[in-house]
Amino acid sequence: MQGLFFESDSGVRYLLRFLVLIIGFWTAWRSGRAAAEGWNGYPTVVVYTLLLGVAMRFLHFALFQGPFISPFYYILDVAILLVFSSAGFRIRRTRQMVQNYYWLYEPTSAFSFKKKD
């Protein structure tokens, strides 16, 4: 399990990797929200996340000498980033629908809404 996410690290590199991951997760969250705010569909979120996955792989390659062209790490990055971007998209879309069409919809959770009876 040692080398699953990181090859070998010590000291400040852990902190720097943590900051890069936080920036990536925040960017995924914001890209999901941006797609929802533009009234774009969910496929736009997937495309943004695929591109963000390439950027994250490049950051790991450039800063930490990790593998750049590695399908395993790319799929792992995209899967984790897709969770954050999907959450940002669904939360923002729920708020949009409930606020803009308050006479039609009511929230059932932070991620979903339903028609009013």
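Give the residues of the stretch 18-49 that are touching a helix residue (DSSP H, G or I) at 6+ places or on another chain (Cβ under 6 Å) and more than 25 Å from MET97 (Cα to Cα), sorted by residue number.
Passing the criteria: VAL20, GLY24.
Do we find that MET97 is in contact with a Gly (Cβ under 8 Å, 6 or more places away or on another chain), hydrophobic (A, V, I, L, M, F, W, C), at pLDDT below 95 and not in a loop (DSSP other than H, G, I, E, B) in this structure? Even if it seems obvious, please write down each step before you answer.
Details: in contact with a Gly (Cβ under 8 Å, 6 or more places away or on another chain): no; hydrophobic (A, V, I, L, M, F, W, C): yes; at pLDDT below 95: yes; not in a loop (DSSP other than H, G, I, E, B): yes.
The answer is no for MET97.
Checking the structure you have, find out if any residue of the stretch 13-22 is surrounded by fewer than 15 Cβ atoms within 10 Å (Cβ to Cβ) and charged (D, E, K, R).
yes
Counting just the residues of the stretch 32-49 that are under 10 Å from the mean Cα position of the chain (by Cα) and under 25 Å from GLY66 (Cα atoms), which one comes out surrounded by the most Cβ atoms within 10 Å (Cβ to Cβ)?
Residue satisfying both the conditions and the ranking: THR49.
Anything in the stretch 56-75 that is out of contact with any helix residue (DSSP H, G or I) (no Cβ under 7 Å at 6 or more places or on another chain), over 16 Å from PHE18 (Cα atoms) and either open to solvent by less than 50 Å² (accessible area, probe 1.4 Å) or of a type in the set (S, T, N, Q) (or both)? List them, or say none.
Result: SER70, single match.
Of the residues in the stretch 88-106, how many are touching a Lys or Arg at 6+ places or on another chain (Cβ under 9 Å), open to solvent by 80 Å² or more (accessible area, probe 1.4 Å) and closer than 22 Å to TRP29 by Cα?
The qualifying residues number 0.
In the list LEU76, LEU63, LEU4, LEU51, which residue meets the criterion of being assigned to a helix (DSSP H, G or I) and at pLDDT below 90?
Going through LEU76, LEU63, LEU4, LEU51 in turn, just one is assigned to a helix (DSSP H, G or I) and at pLDDT below 90: LEU63.
The values are calculated or read from the model by the stated rules, or taken from the named source; none is laboratory data. Remember, it's a predicted structure, so these values are computed and weren't measured experimentally. Backbone-built Cβ (ideal geometry, glycine too); neighbour counts: all protein chains shown. Side chains included, ligands, DNA and RNA excluded: accessible areas come from the protein's heavy atoms. Shrake-Rupley method; radii C 1.70, N 1.55, O 1.52, S 1.80 Å.
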